[in-house]
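See structure below.
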Protein chains: 2
Amino acid sequence: MSKKRISITDIAKELNVSITTVSFILNNKAKGKISEEVIKKVQNYVKEVGYKPNQLAQGLRTGKSNIIVFMVEDISDAFFSSISRLMEEKAYENGYKLLFCSTENDAQKTRDLVQLFKDRQVDGYIITPPSDFEEDIKQLLQEGQPVVLFDRYFESIDVSHVIIDNMESTFKSIKHMVEGGYRNIGFVTLDSSQSQMVDRLNGYQKAIDLYDLKSNVLEINFKDLKNKKTGDQVEAFLNKTQDLDALFFATNYLAKSGLRVLKKLQVAIPSQMGVMSFDDSEVFELYSPTISALSQPIESIADKLMEIMLKQLNMPDGKEKIIYAELPGSLVVRESSYKP
Amino acid sequence: MSKKRISITDIAKELNVSITTVSFILNNKAKGKISEEVIKKVQNYVKEVGYKPNQLAQGLRTGKSNIIVFMVEDISDAFFSSISRLMEEKAYENGYKLLFCSTENDAQKTRDLVQLFKDRQVDGYIITPPSDFEEDIKQLLQEGQPVVLFDRYFESIDVSHVIIDNMESTFKSIKHMVEGGYRNIGFVTLDSSQSQMVDRLNGYQKAIDLYDLKSNVLEINFKDLKNKKTGDQVEAFLNKTQDLDALFFATNYLAKSGLRVLKKLQVAIPSQMGVMSFDDSEVFELYSPTISALSQPIESIADKLMEIMLKQLNMPDGKEKIIYAELPGSLVVRESSYKP
């Protein structure tokens, strides 16, 4: 239903003057070349119809849009939506607009979105890449696009990224639980080859090895996650592994599913079962008992992402500056991780 | 740092052929007009440098981008981010891409964003408008842009919108609390003239009048909200109004602040204080005791928004179809709203 945009051609036709005349007037180059009468006529008409020079066409010439895109895995996840909001403010303060979208960890969908943004000529890309997206990132870099990865990265590509020290963060969480008196700690994670998930598992294994404990890992696959069958899987895991005295969840949504199951089974936290989650949540703060978590520093992540992106945007054409940042997570010790 | 995009002109220059020749070849109109040798040469070069026709320039000609923007108040609010995610899926299924941004209820910021999207020629606008945004919406409509408002609307403008029946929903929530045994119900809301907040207050007043109860309203202003002083305000309200036996919160983030205060003051829910919130949350489901809420039908909202937007997009040029939808909220009765 959108009306056709008024173009310079339309204006010229309507007023019976040449396109060059209109263009000169709109670009303030008409003085001395075109009669005052015609200038007035065009200016009045332009005002009347509310014509605005087409920024999109201007973008084609200048190649600058002042738009940064922020492609997260899932905008409905509080971790991503909180960072998005912070990033939006920071971008705005620096004269950029930030647009979001979710990749849903789907390489084809992400590819389509990247193409759309290329066509719309955005200035920079901040991406939480799905698996199988290495070639696409390489392509973006080859085209000279400013790219910063976030939350995960690819070892095979030299590209700027901001991540959490997932291995060390998980290690210190498990260490905290061992010090809290737990000896048989189950690890609930995703069946995923993404770097952040692999590193969390490695952190768990490191602690298990150090303290000479038994490794108990439940890997939820994506299908069960989508079908909301995570709870069933956790319940089966608890039934199968009767001697567990604690659970560490590798993401906050896994922890929420786990809490529902523990509530249903009336398992007492922290006396019968210690609980901790990677990534904090309002739910953990308000839950009874309160749930300990490894908190990701979302303010620092947002600061660092924007800092690196701005540096890239300000580099001379064709030059690149690869910057990595690995930020520490912090232990938020609440009631759920100390055996009474 | 972005490299200059390769243009048809660059290709023509590099291969020493005319721009028209390149254009003919790229648009598959070269056969019979241009020698096979030249066609091959151009095609090979195009492949080699990875040139893709500029969709942005094509958009200038066709005026169609297949992009819908979804401008919410705050992307970090779970209500908005959940709907965003659903909308994104629905848009994708219908061949559209959805981009998000937050308005932060700031008219100037929203205006800047709308201008950006106009310049980028998006096909449609779904907006939760800030106050003082009536003229901007009128302007969009005058320009023939497909617009659907959401969560709130302006009585003075005939524009498609999807809202919740805020007044009736709040009325039935208060009625439920009265039936649950509470007699002195405080209403905690925002100091806001937006339609959804006004209607929620009206629903409360309707129930207060019907049951001949005393009206106790706390209006939190935006500044206190930003400074996270909501809790202090709620605490002062409780001290000032000693005989309150229940609280209804007009948004879920107000309710979360309220729960923190009640926990701190060790006020027992539901025996000493009944609690309910407009807009459900994971926190309420997992809280002890579980918190009753008026749940907004986010699936239906997303369905309706997309349905109306698609209808608008498929109308012939210059024609409009104004569609309203007022959806009912549903009572989710949990433990916090029945006096034991």
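Quick rundown of the values:
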{"item": "Tally, over segment B:178-193, of residues that are under 30 Å from B:P129 (Cα atoms) and surrounded by fewer than 19 Cβ atoms within 10 Å (Cβ to Cβ)", "result": "2"}
{"item": "Helices (runs of 4 or more DSSP H) completely within segment A:96-202 that count 3 or more residues being within 12 Å of chain B (Cβ to nearest Cβ) and without any contact (Cβ under 8 Å) to a residue 60 or more places away in the chain", "result": "A:107-119, A:134-142"}
{"item": "Test: residue in segment B:68-81 that is in a helix (DSSP H, G or I), small (G, A, S) and either out of contact with any strand residue (DSSP E or B) (no Cβ under 9 Å at 6 or more places or on another chain) or assigned by TED's automatic domain parsing to the domain that holds B:T128 (or both)", "result": "yes"}
{"item": "Those residues of segment A:207-221 which are within 29 Å of the chain's Cα centre (by Cα) and closer than 25 Å to A:G231 by Cα, in sequence order", "result": "A:V217, A:L218, A:E219, A:I220, A:N221"}
{"item": "Complete set of residues in segment B:203-231 that are of a type outside the set (A, V, I, L, M, F, W, C) and part of a helix (DSSP H, G or I)", "result": "B:G203, B:Y204, B:Q205, B:K206, B:D209, B:K223, B:D224, B:K226, B:T230, B:G231"}
{"item": "Selected residue [free of Cβ contacts under 8 Å to residues at least 24 places away in the same chain, surrounded by fewer than 13 Cβ atoms within 10 Å (Cβ to Cβ), assigned by TED's automatic domain parsing to the domain that holds B:I174 and among the charged types (D, E, K, R)] from B:K240, B:K214, B:K229", "result": "B:K240"}
{"item": "Residue within segment A:68-85 that is closer than 19 Å to A:L313 by Cβ, within 7 Å of chain B (Cβ to nearest Cβ), crowded, with 21+ Cβ neighbours inside 10 Å and not hydroxyl-bearing (S, T, Y) present", "result": "no"}
{"item": "Residue satisfying all of: in segment B:168-206; over 19 Å from the mean Cα position of the chain (by Cα) and among the aliphatic types (A, V, I, L, M); nearest to B:V234 (Cα to Cα) among these", "result": "B:V188"}
{"item": "Residue satisfying all of: in segment B:166-213; in contact with a helix residue (DSSP H, G or I) (Cβ under 9 Å, 6 or more places away or on another chain) and of a type in the set (D, E); modelled with the lowest pLDDT among these", "result": "B:D191"}
{"item": "Where a residue in segment A:67-90 is closer than 12 Å to B:L99 by Cβ and its partner, wherever it lies, is in a helix (DSSP H, G or I) and charged (D, E, K, R), with Cβ under 7 Å and at least six apart", "result": "A:I75/B:R85"}
{"item": "Segment B:92-107, residues that are under 22 Å from B:K138 (Cβ atoms) and out of contact with any strand residue (DSSP E or B) (no Cβ under 8 Å at 6 or more places or on another chain)", "result": "B:E104, B:N105, B:D106, B:A107"}
{"item": "Output for segment B:19-50, where each listed residue is modelled with pLDDT of 80 or more and not in a helix (DSSP H, G or I)", "result": "B:I34, B:S35"}
{"item": "Candidates B:Y204, B:Y211 - the one that is touching a Ser or Thr at 6+ places or on another chain (Cβ under 8 Å) and of a type in the set (F, W, Y)", "result": "B:Y204"}
{"item": "The lone exception for A:D279 - which of (1) surrounded by fewer than 16 Cβ atoms within 10 Å (Cβ to Cβ); (2) at positive phi it fails", "result": "(1)"}
{"item": "Unmet requirement for B:S271, which otherwise passes all of (1) surrounded by fewer than 16 Cβ atoms within 10 Å (Cβ to Cβ); (2) among the polar types (S, T, N, Q); (3) touching a helix residue (DSSP H, G or I) at 6+ places or on another chain (Cβ under 9 Å)", "result": "(3)"}
{"item": "Which numbered condition B:K339 misses (of (1) closer than 30 Å to A:K263 by Cα; (2) at pLDDT 95 or above; (3) not small (G, A, S))", "result": "(2)"}
{"item": "Residue satisfying all of: in segment B:298-322; out of contact with any strand residue (DSSP E or B) (no Cβ under 6 Å at 6 or more places or on another chain) and among the small types (G, A, S); farthest from B:I126 (Cα to Cα) among these", "result": "B:G318"}
{"item": "Strands (runs of 3 or more DSSP E) fully within segment B:236-335 counting 1 or more residues that are away from chain A (no Cβ under 12 Å) and more than 30 Å from B:V162 (Cα to Cα)", "result": "B:246-249, B:274-278"}
{"item": "Selection from segment B:304-328 of residues that are surrounded by fewer than 18 Cβ atoms within 10 Å (Cβ to Cβ) and touching a Leu at 6+ places or on another chain (Cβ under 8 Å)", "result": "B:E320"}
{"item": "Only one of B:L247, B:L331 that is modelled with pLDDT of 95 or more and surrounded by fewer than 22 Cβ atoms within 10 Å (Cβ to Cβ)", "result": "B:L331"}
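The values are calculated or read from the model by the stated rules, or taken from the named source; none is laboratory data. Computed from a predicted structure; not experimentally measured. We place every Cβ from the backbone using ideal geometry, glycine too, and count neighbours over all the protein chains shown.
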